[in-house]
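The values are calculated or read from the model by the stated rules, or taken from the named source; none is laboratory data. From a predicted model like this one, the values you see are computed outputs, not experimental measurements. Neighbour counts are summed over all protein chains in view; Cβ atoms, including those assigned to glycine, are modelled from backbone coordinates with ideal geometry.
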Amino acid sequence: MALVGDGAELSRPLGPAFARAEPSSADVEDYVALLKPRVMSLVVFTALVGMLVAPGHVHPVIGFTALLCIAIGAGASGALNMWYDADIDAVMTRTARRPIPAGRVQPGEALAFGATLAVFSVAVLGVLVNWFAAALLVFTIFFYVFVYTMWLKRSTPQNIVIGGAAGAFPPMIGWAAVTGDVSLAPFLMFLIIFLWTPPHFWALSLLKSDDYARAGIPMLPVVAGPDETRKQILIYTLILAPAGLAPSLFGFAGYLYGAVAVGCGAMMLMLAWRVYRDRTGAAATSAAKKLFAFSLLYVFALFAALLADNLLARLGLGV
Amino acid sequence: MTAGPDDGIVLTDEQKRRRRARSIAIALSLGVLVALFYAVTLVKGPAVLIRPL
């Protein structure tokens, strides 16, 4: 069809497909749900810590802008993830009530919403803050959407191990928003979240393995079995606990952070050991639930301690 | 007056309410974006776009 010329073409009435098109029934809450606000809260908090512990000063307006862009970028990734995964979300009890499988948001609406927010978040971060942080945000969105969602999630039990990198980038982006570069300290923050992701998600997947199996997702408990998953959870926690101490060992944090990292690391190890030990019945379910719940607290506690330690040091009260 | 077959899509009251809520959310988002650019321009000064990449 020519774009210009035949007036009859341009004035052609809409076809039957358009006549049958349903108007959107999405509410604002459905679009908010597409942003995965609970995941966003962790992203915002770790990015804020990365920003506040970075050397140098950032104007509060610029800092707020960076944080907003990182949050929106993470939300865009969530929306694009829900668009692509709508088919498997529909068959999993945990995700069946999400806006797309529930029929409240059309897939095309979610795609347009996610893509628009992704482009805007990166562009605004680049123009108003700096392009290095924007490049990191692009990579994070790309990694989550294309590498994790479209490739790894449906093809390998190592999906959340490698895909966990996407969730580990926000503190690095926060740091880069202030300094314009990255160094060892943000890499250590990245490493903590990266190593934390497998025990966190595998504890959940132990509880939801039937769901994942029904959806055909090759999560570790589905492919290798729950016993192998328990072993891997313990191994990763054994690596995570000392890695959590790294900021103190490398001199980026003081004794306050070190004490929190030791205490929380020991608790993670104890809970991971219980998951490894208790393999049947209610004890096994309870152990996995407790590890999953505490793992959320673990990452918040470590980053809160890192922030408190840094603020105390800046006030000359460092311990 | 009732909707005839040639009147196209007729929204229900609930759909109209949701469309209005979405429109307000979009307007607020654009307002925040405008305010953000204004505030950053004040903070950074006129050189906000004049810098090496």
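Quick notes on this structure:
- For residue B:11, the criteria (1) surrounded by fewer than 11 Cβ atoms within 10 Å (Cβ to Cβ); (2) modelled with pLDDT under 90 hold in every case but one, which is (1).
- Residues of the range A:101-143 satisfying the condition of being closer than 27 Å to residue A:201 by Cβ, of a type in the set (A, V, I, L, M, F, W, C) and not in a helix (DSSP H, G or I): A:102, A:105
- Within the option set A:22, A:29, being at pLDDT below 90 and within 14 Å of another protein chain (Cβ to nearest Cβ) holds for one residue only, A:22.
- Of residues in the range A:51-100 being part of a loop (DSSP other than H, G, I, E, B) and among the aliphatic types (A, V, I, L, M), the one surrounded by the fewest Cβ atoms within 10 Å (Cβ to Cβ): A:96
- Cross-chain or 6+ apart pairs with Cβ under 8 Å, the range A:25-39 first and touching a residue at least 12 places away in the same chain (Cβ under 8 Å) and within 15 Å of residue A:102 (Cα to Cα), then surrounded by fewer than 21 Cβ atoms within 10 Å (Cβ to Cβ) and polar (S, T, N, Q): A:25/B:15; A:26/A:106
- So residue A:269, is it surrounded by fewer than 23 Cβ atoms within 10 Å (Cβ to Cβ) and either of a type in the set (Lys, Arg) or at pLDDT 95 or above (or both): yes
- Within the range A:181-202, the set of residues being of a type in the set (S, T, N, Q) and either under 14 Å from the mean Cα position of the chain (by Cα) or part of a helix (DSSP H, G or I) (or both) comprises just one member, A:197.
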